[in-house]
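First up is the structure itself, then whatever we jot down about it.
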Amino acid sequence: MLELKNISYSVSDNGRTKDILKNINLTIDERFVVITGPNGSGKSTLAKIIAGIITPTSGQILLDGQDITEMNITERAKAGISFAFQQPVRFKGITVKDLINLAAGRKINFTEACNYLSEVGLCARDYINREVNASLSGGELKRIEIAMILARSTKLSLFDEPEAGIDLWSFNSLIRVFEAMHENIKGNILIISHQERILDIADKIVLLKDGEIAQTGTKDEIMPQILGVATVCPQIKE
């Protein structure tokens, strides 16, 4: 369980203080939670704070009761948080199997590695020994990154706009993967997204607006309001 207590984040803008997040109080205990809201509402900033990339100006972050507020991204990874970037990193000279081994924290056998790739809809025989370089598409990289998160099996899996930069076919594949994760993963899944199809499979939706939580609830409670103010924006290339 993740708890955010009075999380605020401010930056200096031409000598003036600009508030990006204001007193965020949130508990992530459901299996699948999506944070959404208009552009500029503070979603990605909140994701980076949870991951440990940036430190909040004030407030406290607890993971299963442990205070992780001052931990950096490496320490939080060890504590049980996995973070998937909007744009996955390419690693020339490193194979897909190498990355899955690193994610698992041990040398796994060929069958295990193939099972993780199969879970994200990739033919293991075609991908297991491929380099993670420019030959892979954005959609392929996203799914390999999810396979790594499955291999890690952490308390919290955090995805920052997983739909960014991929085509419609890859997006449809990602939706199927997230639906399977919803059923099978042991920890909590937290996704930052605008996408209605991702929101539709959430157990809880958190709506951010102007750096504050405007509303939380089920999709039946939140979706009418979101659709009414047009904050769900299709961003997938046809």
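No value in this document is a laboratory result; all are computed from the given coordinates. If you're wondering where the values come from, they're calculated on a predicted model, not measured in any experiment. Cβ: placed from backbone, ideal geometry, glycine included. Neighbour counts: every protein chain shown.
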Q | Net charge over other residues, Cβ less than 13 angstrom from the Cβ of Ala79 (K, R count +1; D, E count -1) | A | 0
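Using a cut-off of 13 Å between beta-carbons, work out the net charge of the residues near Gly42 (Lys and Arg +1, Asp and Glu -1, Gly42 not included).
+1
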Q: Report, to the nearest 10°, how far helix 168-184 tilts away from the longest principal axis of the Cα atoms in the chain, using its own Cα long axis and a range of 0 to 90°.
A: 80 degrees
Q: Any chance you could tell me what percent of the C-alpha pair distances in region 71-208 go past 25 Å?
A: 22 percent
Q. Given a cut-off of 22 Å, what percent of all Cα-Cα pairs of region 137-226 lie beyond it?
A. 29 percent
Q) Based on Cα positions only, what radius of gyration and what Dmax would you give for region 1-128, in angstroms? A) 18.1, 57
Q. Taking a quarter of the surface of the Cα convex hull of region 170-218, what do you get in nm²?
A. 3.9 nm²
Q: Could you list which residues have their amide H under 5 Å from that of Arg130, counting only those 5 or more apart in sequence or on another chain, with H placed in the peptide plane?
A: Val96, Lys97
Q. Once you wrap a convex hull around the alpha carbon atoms of the chain, what is its projected area averaged over all directions, in nm²?
A. 13.4 nm²
Q: Take the alpha carbon atoms of region 84-151, find their radius of gyration, then divide it by 2.2 N^0.38 Å using N residues; give the quotient.
A: 0.96
